[in-house]
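The values are calculated or read from the model by the stated rules, or taken from the named source; none is laboratory data. Note that the structure is a prediction, hence the values are computed from the model and not measured. Reconstructed Cβ throughout: ideal geometry from the backbone, glycine too, with neighbour counts over all protein chains shown. Note: areas computed on protein heavy atoms with side chains; ligands, DNA, RNA excluded. Shrake-Rupley method; radii C 1.70, N 1.55, O 1.52, S 1.80 Å.
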Amino acid sequence: MTGADILIRSLKAQNVRCIVGMPGNQNIDIYDALLRTGGIDHYLIRNEQGATLIANGFARASGEVGVALTVPGPGATNASTGIVDAHTDCVPVLLITGGTEVAFNGRDRSKCFHGLDQAAFFAPITRFFARPERIEDIPDAVRGAFAALRAPRPGPAVIELPMDVAAAEGEADVPAYVEGYRPAPDPADLRRVAEVIARMERPAILAGGIVADANASPELRAFSETLNAPVLFSRLGKGVFPDSHPLSGGHCRGRLARHVLRQADGLIAVGCRFTQIDTSGWTMEMPALRVQLDPDPAELGREFAIDAGAAGDLKQSMSALLETLVEVEKPDFVWRGTLDRSRGEIARSRRPLPIMSAMRERLDADAIVSVDVTSIGYRSFDEFPVDYPRCFMYPCHSVTLGFAPPAAIGAKLAQPHRQVAAFCGDGGFQMTAFELATAAEHGIEIICVVINDGSLSAIRGAQSKAFNGRTIDTDMQTPRIADLARAMGARGVRVDDPDRFPVVFGDVIGLEGPTVIEVVMQKQRDALIRQVPWLYPDQ
């Protein structure tokens, strides 16, 4: 076998079923092994940024590892956008690249073909990097990568396979499937957490996205209902608790959640990292009593002081706590009535979410929606209802413009029997629109809804608010996006009157291949800017 054969067989042993990428001189042996070995589908992308963003969407929608394959150097640097997004949002994405030959070790890398010290380049944005320099090193590289990719809080990994190692012949054992590590919590720590919770009369729960990785949404719901405690969620946590549940408090910086936090006397943090965006720069007002459950002991009390904490698998932790707390009588505090009244007041003062509310009405409850960084999209955390995990995708902390279309492609590859839609602004869409050709080539059924307001509207609003109305280079000439989609082989529909959108959207659901709906809203640009929550928080 060649080194490339061993790598592909090792990936199959890890149940990898899909790779997205682009062949080049420094990974041709890997591609030949992929062709000869079979059993893994491959999708050709148009830019390596698309490869890792598609893999990113695949991983978010499925919980499996998303895999991208590129050349090193410029291929890897293009792909790094999806890797840094996976790093900040804790998504299991594996990037495999070719590499400079081992025979050239010691040479100035800048003098080499596609020269880049990839170990140094990826060090700050990955959980694992390996460059096997012998065939015998490949299994350990795969084991190490998948241990990081399947860690309790996962993250991206990179394997660089030098050309001469990929082409060399030899033998090595294919590694067994790497099981995800689920550490059990310390019972003594859980008892201390339970003792603090027992002192809370008005507890609130703040849940993070790792709840989905732990498959612990049922335990979270039971935990909430046992304590009669409302559940707030971080950006990554959207969907881990049903938005339709009477105890749902919404996104932690939303109006309802802020009301809950003012009323609560205790906070139970479950798998959330207290990031800058979720906490408004760590200024979020929180109850005095605080406990924290997290799979990573380093996260306990890291951002905010806590009264007790327990490290371990969240599914096990919440189940064990429930057994302890089921005997604790909690007063039937007026959370339900308070939440209902506050929801009603907020709903009466708020107009329906433009365009996205019509999408919600017509999509299945378990449809997957990929949302880009855009004025309407910002409000979707609080105003686009989601009842199931892994049905809402957003570049939460890297805030990667152009995320939505390729992530939607990846989600459809991961969940081919589910409806998948992307929601974008015209600026973000143009960054990654080239992957429509990938979707068209392979008949991937997604719907991309693009708001064409001819502007980077949120940034225009930020400039105007900060600088007495002055703006620069936030208005732009936008192509006829529906025509662009048709040129790439997709279905393109232009909607000049936004009131027609609901009917048009309903008509294209279920049609084969990719569809782009361009909604022209240039006349509504200023109204869209006023809906940006971080510019106008009380809208």
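Note down the accessible area of Arg255, probe 1.4 Å, to the nearest 10 Å². Solvent-accessible area, nearest 10 Å²: 60 Å².
For the range 124-216, applying the loop criterion from DSSP together with a ceiling of 13 other beta carbons within 10 Å to the GluC sites (Glu not before Pro) yields Glu171, Glu179, Glu201.
Other residues lying with their Cβ under 9 Å from the Cβ of Phe403 contribute a combined charge of -2, Lys and Arg counting +1, Asp and Glu -1. Summing charges over neighbours of Gly281, with a neighbour being any other residue whose Cβ is under 13 Å away from its Cβ, gives -2 when K and R count +1 and D and E count -1. In the context of the full protein assembly, Tyr388 retains an accessible surface of approximately 110 Å², using a probe radius of 1.4 Å and ignoring ligands and nucleic acids.
Descending by average beta-carbon neighbour count within 10 Å, the peptides 418-426, 240-248 line up as 418-426, 240-248, the highest first.
Counted over the range 481-539 with a bin width of 5 Å, the fraction of Cα pairs per bin, in whole percents, is 4, 17, 19, 18, 15, 13, 9, 4, 0. Normalised by residue number, the volume inside the convex hull of the Cα atoms of the chain is 152 Å³ per residue.
Mind pulling the per residue volume of the convex hull built on the Cα atoms of the range 1-74? Å³ is fine.
84 Å³
Of all DSSP bridge pairs formed entirely within the chain, close to 5 percent run antiparallel. The heavy atoms of Lys238 offer some 10 square angstrom of accessible surface to a 1.4 angstrom probe.
D by Stokes-Einstein for the range 293-414, Kirkwood Rh over Cα pairs, 25 °C, 0.890 mPa s: 134 µm²/s. The range 214-271 has equivalent-ellipsoid semi-axes of 17, 13, 10 Å, by the square roots of 5 times the alpha carbon gyration tensor eigenvalues, sorted largest first. With the cut-off at 25 Å, tell me which of the pairs Lys12/Lys412; Lys465/Lys523; Lys315/Lys412 have Cα atoms farther apart than that. In this structure, Lys315/Lys412 lie more than 25 Å apart at Cα. Taken over the Cα atoms of the range 196-313, the convex hull encloses 91 Å³ per residue. For the chain, the 222 nm mean residue ellipticity estimated from helices alone, with every DSSP H stretch of n ≥ 4 adding -39500 (n - 2.57) and the total spread over all residues, rounds to -11000 deg cm²/dmol. The order of Arg348, Arg131, Arg480 by accessible area, most exposed first and with a 1.4 Å probe, is Arg348, Arg480, Arg131. Within the range 38-79, the proportion of C-alpha pairs whose separation exceeds 15 Å stands at 43%. Ellipsoid semi-axes for the range 384-512, based on the Cα gyration tensor and the rule √(5λ), read 27, 18, 15 Å when sorted largest first.
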